[in-house]
Amino acid sequence: MLMDPRAIRIINGLQSGFPVIGRPYAAAAELLDLSEEGVIEGLAKLSANGLITRFGPAYHAERLGGGLTLATMQVPAADFKWVTEVVNAQPEVAHNYAREHPFNMWFVVATEKRAELFEVLTRIRTLTGLEIFDLPKIEEYRPGVQVKLDKDGTIDTTPLFDDPVEDETPCYPDTLDRALIAATQEGLPLVLEPYHQVATHVGVAVETVITRFLAMLQRGWIRRIGLSCNHYRLGLQGNGMSVWDVPDDKLCVVGNTVSELDFVTHCHARPRHLPEWPYNLFVMVHGTDRAVVMDKIRILERIIGKRQRGHLVLHGSRILKKTGLRIKAPGDVDGCSV
């Protein structure tokens, strides 16, 4: 896939680590050897073309005191469209993917309070009349991936780990924190001084905004500040969620072992739902096409060997929704968006 060299620099350089200073695009431009305006224009173009899904802080629902879970349903083909509309209409649904399997809809629910997860899943069950398997994360062995593009647009992936949390003292967002989260949960403004615009929107000094954002990073409330890629549009057409039935006494060893592989993009332990769903290890693999993904799955099979009792590969077919955590600020403040 041929891409504009400027776009490649922006995608490779701005998936994490975006600065929290008065003129952050200028600092990013210096590192990317671009102009400040060029970075802003490039991000706007990537967003308009659907190559990135958002740009800004990625909030960590659980560290904010909220709930986070993965859920799946078996949706009849004839009902898939309207069920998708119902699920996507729920503001707590942060991501939704279609996969080629009887369990064909997979969505992530993020809530402000852990107790609200049950309420959201119950609401979706009631609206659709379908059973839902709740699959919260038990253990995280690898949290994510960063896409890397060569000059010709060739895709590669590297692990994307959370930055170390400097302050793990339990602390929950106050009224101002909530207002700042609500104002930026759809993304940072693409203007020369984005934090100034957020400060004006919320009604505080920019120095306060910068101080609060730095504190959120230190506490792990913000996983990273950067862009989120649309893997399909960038060329990663292969998307295989492999699920494995691993004996509980071997789960930790297997999870840590496979998470060391370069091509594994996510690796989590999640609960079984017997008898229909005996799988407790989720290993995500991306590739330029399905054949590449299956080659990598065969490597997983050899490494895991007899330490599993069965596995499946659920190929992703399309993104149905991809937003992130959504909260209401005090007074229902509307967000500043890209």
Flag if Leu300 is over 30 Å from Gln185 (Cα atoms), part of a strand (DSSP E or B) and either among the charged types (D, E, K, R) or at pLDDT 95 or above (or both): no
Residues being under 19 Å from Tyr59 (Cα atoms) and either loosely packed, with under 14 Cβ neighbours inside 10 Å or not charged (D, E, K, R) (or both) - total across region 89-100: 6
Selection count where residues are in contact (Cβ under 8 Å) with a residue 60 or more places away in the chain and assigned to a helix (DSSP H, G or I), scope region 107-125: 0
In region 126-137, the residues that are in contact with a Leu (Cβ under 8 Å, 6 or more places away or on another chain) and not in a strand (DSSP E or B): Ile132, Pro136, Lys137
Answer from Val333, Val338 - the residue that is modelled with pLDDT under 95, touching a Ser or Thr at 6+ places or on another chain (Cβ under 9 Å) and β-branched (Val, Ile, Thr): Val338
Verdict on Gly129 being modelled with pLDDT of 95 or more and surrounded by fewer than 20 Cβ atoms within 10 Å (Cβ to Cβ): yes
Index of the failed condition, Phe80 passing every other in (1) free of Cβ contacts under 8 Å to residues at least 12 places away in the same chain; (2) out of contact with any helix residue (DSSP H, G or I) (no Cβ under 8 Å at 6 or more places or on another chain); (3) of a type in the set (A, V, I, L, M, F, W, C): (1)
Test for Val20: is it aliphatic (A, V, I, L, M), more than 30 Å from Leu190 (Cβ to Cβ) and either in contact with a strand residue (DSSP E or B) (Cβ under 9 Å, 6 or more places away or on another chain) or touching a residue at least 40 places away in the same chain (Cβ under 8 Å) (or both): no
Candidate set from region 217-245 (those that are of a type in the set (D, E, K, R) and farther than 23 Å from Ser259 by Cα); member that is surrounded by the most Cβ atoms within 10 Å (Cβ to Cβ): Arg219
Which numbered condition Ile124 misses (of (1) within 17 Å of the chain's Cα centre (by Cα); (2) buried (at least 19 other Cβ atoms within 10 Å of the Cβ); (3) at pLDDT 95 or above): (1)
Any hit, region 26-47, residues being of a type in the set (Ser, Thr, Tyr), surrounded by 15 or more Cβ atoms within 10 Å (Cβ to Cβ) and under 27 Å from Glu140 (Cβ atoms): no
Pairs, first farther than 18 Å from Met105 by Cα in region 299-315, second among the hydroxyl-bearing types (Ser, Thr, Tyr) and in a strand (DSSP E or B), C-beta under 7 Å, six or more apart: Leu300/Ser242; His311/Ser242
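The values are calculated or read from the model by the stated rules, or taken from the named source; none is laboratory data. Here the structure is a predicted model, which means the values were calculated and not measured. Positions of Cβ are generated from backbone atoms using ideal geometry, with glycine treated the same way; all protein chains shown enter the neighbour counts.
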